[in-house]
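Below is one structure, written out as structure tokens; the observations come after it.
The values are calculated or read from the model by the stated rules, or taken from the named source; none is laboratory data. Model, not experiment: these values are computed from the prediction. Glycine also receives a Cβ, built like all others from the backbone with ideal geometry; neighbour counts cover every protein chain displayed. All accessible areas refer to the heavy atoms of the entire protein, side chains included, with ligands and DNA or RNA removed. Shrake-Rupley method; radii C 1.70, N 1.55, O 1.52, S 1.80 Å.
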Amino acid sequence: TGTCTTTGINSNAATLTMNSSVTISSQPTSVAVCAGTNVSFNVTASGTALSHQWQVSTDAGTTWNNIPGATSAVLNLTAVTTTMNGNRYRAVLNGSCTTNLNSSVATLTVNTSATIVTQPTNTNVCRGSAVTISVGATGTTITYQWQLSINGNPFANLSNTAPYAGVTTNTLTINNAQLTMNGYNYRVIVSGVPCGAVTSNTVILT
């Protein structure tokens, strides 16, 4: 208003926009899976003009690199391989009021299934002597359980009682073998937690 404009004139209207900073309500978490599995990492965040960029570190977090095209709240990895074991992932979030906010770091652990590379073989032993039966295997967190079948009966787990030793190792030892053991069948179950188990060939003791 003024002396010559007693009724007043209005200025243009100005709009006040309140932007919010980026906040993370759910962080990505570490996962352990078997090779060949699909994996997802998630981050939940809010804020004005929110954007995402996932990054990966292959050197325990020393250096980080953007993952091309990984610009959503979910990072999807398809058929992970053992070469990705130990990789670390994080999301970098930006917004109108926030620059380069890093999420928590999530580690990918890739386990391998148990695989038998050397099968046990049939073996001969003299009465009263000792003999060993061995298996060669690879995999993550491998465990072994030797089993016995007598006269075609179902296989049963062996325990470390005479004449057996090493029933939960890759080498089964049979001490003081007797004639009554002729024709016994042996095998081993090799487990690779958490990726399942595999059973060896059956071998015969003569």
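The order of the peptides 167-176, 19-28, 149-158 by mean Cβ neighbours within 10 Å, most packed first, is 167-176, 19-28, 149-158. Under 15 Å from a point placed 7 Å out from the Cα of THR138 along the Cα-to-Cβ direction: which residues of the stretch 73-90 have their backbone N that close? The answer is 81-85, whose backbone nitrogens lie closer than 15 Å to the label point.
Quote the FRET efficiency, to the nearest 0.05, computed for TYR164 versus THR82 with a Förster distance R0 of 45 Å and r equal to the Cβ-Cβ distance. For TYR164 and THR82, the calculated efficiency is 0.85. Using heavy atoms of the protein chains and a probe of 1.4 Å, the accessible area assigned to VAL198 is about 40 Å². For the chain, averaging the sequence separation of C-alpha pairs within contact (under 8 Å, six or more residues apart) and dividing by the residue count gives a relative contact order of 18 percent.
How big is D, in µm² s⁻¹, for the chain by Stokes-Einstein at 10 °C and 1.306 mPa s if Rh is the Kirkwood radius over C-alpha pairs? Here the translational diffusion coefficient equals 71 µm²/s. Taking 0.36 nm per residue of separation and subtracting the Cα-Cα distance, full extension of the segment from TYR184 to ILE204 would add 6.6 nm.
THR15 to VAL74: FRET efficiency via 1/(1 + (r/R0)^6), r the Cβ-Cβ distance, R0 41 Å, to the nearest 0.05? Once rounded, the FRET efficiency stands at 0.75. Counting only protein heavy atoms and a probe of 1.4 Å, the accessible surface of the chain is 49% carbon and sulfur. Would you please give the FRET efficiency between VAL193 and ASN151, computed as 1/(1 + (r/R0)^6) with r the Cβ-Cβ distance and R0 = 30 Å, to the nearest 0.05? Efficiency, from the Cβ-Cβ distance: 0.35. Result for the chain in a Gaussian network model with C-alpha springs under 10 Å: among ASN124, ASN185, ASN42, the largest mean-square fluctuation is at ASN124. The residues neighbouring SER104, those whose beta-carbon lies less than 13 Å from its own, together hold a net charge of +2 under the Lys/Arg +1, Asp/Glu -1 convention. Model label sites at THR1 and THR63, defined 7 Å from Cα along the beta-carbon direction, differ in position by 6.9 nm.
Accessible area per residue for the chain is 56 Å², calculated with a 1.4 Å probe on protein heavy atoms, without ligands, DNA or RNA. Measuring only protein heavy atoms, the 1.4 Å probe finds LEU205 accessible over about 0 Å².
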